[in-house]
Amino acid sequence: MPTTTTGRPAVTGRPTATIGRPSTTGRPTPSALGHLERGVLSAVGCGLRDDEIADALGLPEERVAEHLARVLVKLGLRDRAAAIVHAFDAGLVSPGLGPRARPSDPAAPRECAGAVRGPEIRMSVLGPLRAWRDGRPLNLGPPRQQAVLAALALDAGRTLSRQELLDGVWGMEPPAANVVPVYVYRLRRTLRSDASGDGPDAVIRHDRIRGYRLVPGAVDVDVTRLERLVADMGAAGREGDRAEAVRLCSRALGLFRGEPLDGLPGPLAELERMRLGERRIGLAQRKAEWQLELGRCADAVAELSALSAEHPWNEPVAATLMRALYRTGRQAEALAAFDRTRRRLADDLGVAPSMLLRRTRRMILCGDETGLGRPADPDMSTPFA
């Protein structure tokens, strides 16, 4: 078989089979594959590596290898090179373009025709639950039905039993019998363009023994993008690139569109609202710390002032605001921020300021900027469900 300069098989000529029709080679066609398996085969045909396919489809890299192994078995292909040829022959990749060249080649196209497209369904849980298909908003039904979808989205890829969904969405208020299957059926029809939503491309899969799961990579959920941004942000911070870390943190915070899962009922939604809300505060505080290190104190003051007004009992936020005000020469306002927080803690919670706040105030009064009450860095490594 001829090869390209990259060492990958060269593919020429017109496709000999179309998807869903019998192949002239006698092998099964991609119509025998599942949704993710077809996506993996298409990406392989474009010359993508396993790590690139994992990023495109939102899968762990080891899952890509598993899907590819199943593709080879189902289609009777001997290796990856044969899969590339088959992807062209089946029309998954346009002929004539060939697999993508090595990334080091500056003239190489970044994509080829038939490359993996992102999920056509997008979902937001970092605010009121919303979903769109091809940019058009979807009607997700009543609040409890939305809460079922949110539970699956927050645990994408993991199978949730019917009892887990009942406990998370209804708690101690048991619903009518069979309500979970009814809600899942409705959600399937809403999330897929086909009439039943039960075909091989169904977004929600049902295992009769284990339960229900949202197919990984089938839906672009904003909390998954948030997790990736947090990981990239942490890497930039560890490498000392504070400006890039601030930029990524701004993008992560921009994904929040209000209170997470706003208005959804059930113990799970309440717990996730608290967890994601704390995550948002931690990100905002970490961004302010990096801004202070970059000397962008005025930006930090503006954002911390709004955050402190929204969360008046959060002492780490108040301490960071005090430091930012002090560094902009506003010592009186820094001390006023301490007094305001102290009064709110006393009046609303009946507690005294923490050691962190008292130490920050003392250092401001002494004019000792060294070690100014900096709180411990929020844990950016905590994974999302």
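No value in this document is a laboratory result; all are computed from the given coordinates. None of the values given here were measured: they were computed from a predicted structure. Virtual Cβ from ideal backbone geometry, glycine too; neighbours counted across all protein chains shown.
Given 0.36 nm per residue, what is the gain on full extension from ARG78 to LEU349 after removing their alpha carbon distance, in nm?
Numbers: separation 271, 0.36 × 271 = 97.56 nm, distance 6.81 nm.
Between ARG78 and LEU349, full extension yields 90.7 nm more.
The protection proxy used here, the mean number of other Cβ atoms lying within 10 Å of each residue, ranks peptides 253-259, 217-223, 162-168 as follows, highest first: 217-223, 162-168, 253-259.
Local charge sum around ASP339 (other residues, Cβ-Cβ under 11 Å, Lys/Arg +1, Asp/Glu -1)? Don't jump to the answer; show the numbers that get you there.
Values: positive: ARG340, ARG342, ARG343, ARG344, ARG361; negative: GLU333.
Once positives and negatives cancel, what remains is +4.
Counting 0.36 nm for each residue step from LEU271 to GLU333 and taking away their Cα separation leaves a gain of 18.8 nm.
First select every other residue whose beta carbon is under 11 angstrom from the beta carbon of ARG210; then total the charges, Lys and Arg +1, Asp and Glu -1. Surrounding charge for ARG210 is +3. A straight chain from ALA177 to ASP134 at 0.36 nm per residue would run longer than the Cα-Cα distance by 12.1 nm. Across the stretch 224-304, counting alpha-carbon atoms alone, Rg and Dmax equal 13.9, 44 Å.
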